[in-house]
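A short write-up of the structure that comes next.
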Amino acid sequence: MLTERFKTGMEKDVYDSMRLDYDEVLSDAMSYQLLNGGLTYISCNARQLELYEQIREEVMILIELLEPKCLVK
């Protein structure tokens, strides 16, 4: 983030608001925020996967119930 490419590609107020620690690539505060963001993302995705699995199971039950009715002529 400290390279010229990033400095010139950002608005000055955005870059100034980042308050990066120039002795480290990421400050402790930034590392903490990134970790929290990552954990939030992982937990949301895990919950979505649980919900999708429940929906899939319900859909499979419906398919089993409806298929015989569709084959009747």
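The values are calculated or read from the model by the stated rules, or taken from the named source; none is laboratory data. The shown structure was predicted, so the numbers you read here are calculated from the model rather than taken from an experiment. Ligands, DNA and RNA are stripped out before the accessible areas are found, and what is left, the full protein with its side chains, is counted by its heavy atoms. Shrake-Rupley method; radii C 1.70, N 1.55, O 1.52, S 1.80 Å.
The table for this structure:
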read-out: Residue satisfying condition, being open to solvent by 100 Å² or more (accessible area, probe 1.4 Å), acidic (D, E) and at pLDDT 80 or above, within set E11, E67; value: E67
read-out: Selection status of E53, within 24 Å of the chain's Cα centre (by Cα), modelled with pLDDT of 85 or more and in a helix (DSSP H, G or I); value: yes
